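The next block holds one structure in the form of structure tokens; read it before the comments.
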Amino acid sequence: MNKIAAPKGTGDIYFPEIGKWQYLEDKIRNYFSRFLYKEIRTPIFEHSELFSRGIGSETDVVQKEMYTFQDKAGRSLTLRPENTASVVRAAIENNLFNEMFPLRFFYIGPMFRYEKPQKGRMRQFHQFGIEVFADKSARVDAEVIYAAFNFLKEIHLCGTEVEISSVGCGQCRPGFLEKLKTAAKEQEKELCGECQRRIETNPLRIFDCKNESCIKISAAFPKMIEHLCGECDTHFAELQTALQVLKVEYKINPRIVRGLDYYTKTAFEITSNQLGAQNAVLGGGRYDNLSNELGGPDIVGTGFAAGMERIILHLQDIDRKQRKTILVAYQNPALLDHALRLCETLWSSGIHAYMEYDAKNLKKQFKKGDRISADYTFILGDEELQHNTISVKDMKAREQITIKQEDLEQWLKTNI
């Protein structure tokens, strides 16, 4: 009798390799709790409409790669090819947008795409990712990139590089797409068959083509970052400023378009020179309209997804520590970047820290501190800035002291 093998593009994970998976999963849970993310688990299969509406009916994922089938009642179901649409669906269906705070989720689990299997890329593959909702600030995009980049550093994935771009919004993208179509049609005969099809269906994806000839031709095409509206241009500039505050080195890559239609404004990828030609480790960006597209409230989001198989190939263990939570509060919006810089100091020390980017006053920030069960609140005001100090409020004892910035490291060692 013939042996039954696992389907092509799938694989079994067992000892000792399973130890790496368990370690990585534990590390993900511990690391992202610093930023107050909570785990969410969504169904492995969903109604197919979720992905055609959320991802985009003309994307390669929907057109070519989804595992879709009918159940016994004739309903079209699809094994999830990605998880952002599922997380948004879950938040809408379970009213999480109104009941949870902060609206920060992470997930770990298998996804399914019909692709050519290769090292580090399977048809059943695993992703982890994070999703942040209800924050329009470019600073939260920068925080997401910071969290992703430093996670890879902490697990010793070397040679990583952050690439950022902007894919515009509903105001500036349509006009740009017409310019892009015009330029592409002038070179249509020189493009590969797939790019010729994309001219009408999804012209942005021409920039994602790996054909050397198409790459050379499209280098002369208009770029989205050169045609941003005022709002998107300001958002992109604020993103870069915040990344500088967070000490994240980056380069602008106008060819980043991502493969899913829901992205708006910020788009980014992190690559590693350890991974060969297919060097992307993770990618993500902002999706301001996805909730509306799926019938939910007008609420914005941003996040990323990372392929776990590719990371597992180069995983090294590191120590993990549990920490108390600190809320970083500021007296007025002019101190935002000073507060963000203080957060970076805490995060880089492995400490759980959180700040509000659009807070109106200290009282409301203190209330948010209570909601996240902060142990301490670090307060920055004009006086603290002038004297190079930090006011530290013990949220349980309701006592407040002032420490010098130069004494912060020792205070953390003693109290956290």
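Structure values in brief
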read-out: Residue list for region 370-379, restricted to those being among the hydrophobic types (A, V, I, L, M, F, W, C) and in a helix (DSSP H, G or I); value: none
read-out: Out of Thr377, Thr402, sole residue that is without any contact (Cβ under 8 Å) to a residue 60 or more places away in the chain, surrounded by fewer than 18 Cβ atoms within 10 Å (Cβ to Cβ) and β-branched (Val, Ile, Thr); value: Thr402
read-out: Test: residue in region 162-176 that is assigned by TED's automatic domain parsing to the domain that holds Gly285 and farther than 23 Å from Gly56 by Cβ; value: yes
read-out: Scope region 324-356; condition among the charged types (D, E, K, R) and either surrounded by fewer than 17 Cβ atoms within 10 Å (Cβ to Cβ) or assigned by TED's automatic domain parsing to the domain that holds Leu243 (or both); matching residues; value: Lys324, Asp337, Arg341
read-out: Members of region 289-308 that are surrounded by fewer than 20 Cβ atoms within 10 Å (Cβ to Cβ) and part of a helix (DSSP H, G or I); value: Asn292, Glu293
read-out: Whichever residue in region 37-51 is touching a residue at least 40 places away in the same chain (Cβ under 8 Å) and among the charged types (D, E, K, R) and, among such residues, is farthest from Phe112 (Cα to Cα); value: Lys38
read-out: Subset of region 1-12 [closer than 18 Å to Arg310 by Cβ and either among the small types (Gly, Ala, Ser) or in the same structural domain as Leu79 (by TED's automatic domain parsing) (or both)]; value: Gly9, Gly11
read-out: From Pro81, Pro102, residue being at pLDDT below 95, surrounded by 16 or more Cβ atoms within 10 Å (Cβ to Cβ), of a type outside the set (D, E, K, R) and assigned by TED's automatic domain parsing to the domain that holds Gly129; value: Pro102
read-out: Of all residues making up region 373-402, the number that are of a type in the set (A, V, I, L, M), out of contact with any Gly (no Cβ under 8 Å at 6 or more places or on another chain) and over 18 Å from Leu340 (Cα atoms); value: 2
read-out: All positions within region 189-242 that are surrounded by fewer than 16 Cβ atoms within 10 Å (Cβ to Cβ), of a type in the set (S, T, N, Q), more than 24 Å from the chain's Cα centre (by Cα) and outside any loop (DSSP other than H, G, I, E, B); value: Thr201, Ser213
read-out: Residue in region 131-144 that is in the same structural domain as Tyr23 (by TED's automatic domain parsing) and of a type in the set (Ser, Thr, Tyr) present; value: yes
read-out: Residues being over 15 Å from Ala305 (Cα atoms) and either of a type outside the set (D, E, K, R) or under 15 Å from the mean Cα position of the chain (by Cα) (or both) - total across region 17-30; value: 6
read-out: Scan of region 380-399 for residues that are part of a strand (DSSP E or B) and crowded, with 16+ Cβ neighbours inside 10 Å, ordered by number; value: Leu380, Thr389, Ile390, Ser391, Val392, Lys393
read-out: Test: residue in region 42-63 that is closer than 15 Å to Gly303 by Cβ and of a type outside the set (A, V, I, L, M); value: yes
read-out: Whichever residue in region 357-373 is under 15 Å from Arg104 (Cβ atoms) and touching a Phe, Trp or Tyr at 6+ places or on another chain (Cβ under 9 Å) and, among such residues, is surrounded by the fewest Cβ atoms within 10 Å (Cβ to Cβ); value: Arg371
read-out: Count of residues meeting criterion [in contact with a helix residue (DSSP H, G or I) (Cβ under 6 Å, 6 or more places away or on another chain) and of a type outside the set (Ser, Thr, Tyr)] in region 353-377; value: 4
read-out: Residues that are assigned to a loop (DSSP other than H, G, I, E, B) and buried (at least 20 other Cβ atoms within 10 Å of the Cβ), drawn from region 117-159; value: Met122, Asp135, Leu157
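The values are calculated or read from the model by the stated rules, or taken from the named source; none is laboratory data. None of these values were measured; they are calculated from a predicted model. When we count neighbours, we look across all protein chains shown, and the Cβ atoms used for this are built from the backbone with ideal geometry, even at glycine.
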